[in-house]
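Each value in this text was obtained by applying a stated rule to the coordinates, not by laboratory testing. Treat the numbers as computed from the prediction; the structure is a model and nothing was measured. Ideal geometry is used to build each Cβ from the backbone, glycine not excepted, and the neighbour counts take in all protein chains shown.
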Amino acid sequence: MILTKDDLLAISHIFDARFDSIDEKFKSIDEKFESIDKRFESIDNKFDSIDKKFDSIDKKFDSIDKRFESIDKKFDSIDDRLKIMELKQDRTAKKLDNLQFEVKASERNIRKDIHKLQDEMETVIEVLRQNEMLPH
């Protein structure tokens, strides 16, 4: 079968009409994709906004973290000083206990010495009375 020029033209018009129909469908699809793209852009913009807010929050948390690190260092320093104070207090308490013991021992020795002196004085007084060197 041999096609004539008119047949080819008719076929060409049919194809053109179908391609035009397909082009219209693609244009419709393109418009829908453009609408979807715009929605995605809107969503992207919202996510960008959220990201900025989170960045701001992150910076605030970083600042708070630095403050806590500074406070931790100060507490470590205070803790070290407190340990030194506790050691000094323990040593002072031991010295005080030793001093209390020594004072009590000294008091006991002084009482013994005083008692001994009183006995000796009574003896001396009695000897002086017996020798009539003291009036009765």
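Only one residue in 64, 43, 11 is in contact with a Leu (Cβ under 8 Å, 6 or more places away or on another chain), assigned to a helix (DSSP H, G or I) and on the phi < 0 side of the Ramachandran plot, so which one is that?
11
Anything in segment 85-136 that is exposed (fewer than 10 other Cβ atoms within 10 Å of the Cβ) and assigned to a helix (DSSP H, G or I)? List them, or say none.
The one that is exposed (fewer than 10 other Cβ atoms within 10 Å of the Cβ) and assigned to a helix (DSSP H, G or I): 130.
Only one residue in 2, 36, 29 is among the aliphatic types (A, V, I, L, M) and outside any helix (DSSP H, G or I), so which one is that?
2
Among the β-branched types (Val, Ile, Thr) and exposed (fewer than 10 other Cβ atoms within 10 Å of the Cβ): is that true of residue 2 in this structure?
It is true that residue 2 is among the β-branched types (Val, Ile, Thr) and exposed (fewer than 10 other Cβ atoms within 10 Å of the Cβ).
Consider segment 67-122. How many of its residues are among the β-branched types (Val, Ile, Thr) and either in contact with an Asp or Glu (Cβ under 7 Å, 6 or more places away or on another chain) or within 30 Å of residue 134 (Cβ to Cβ) (or both)?
Qualifying residue count, segment 67-122: 2.
Here is a check on your reading of the model: is residue 19 assigned to a helix (DSSP H, G or I) and within 47 Å of the chain's Cα centre (by Cα)?
no
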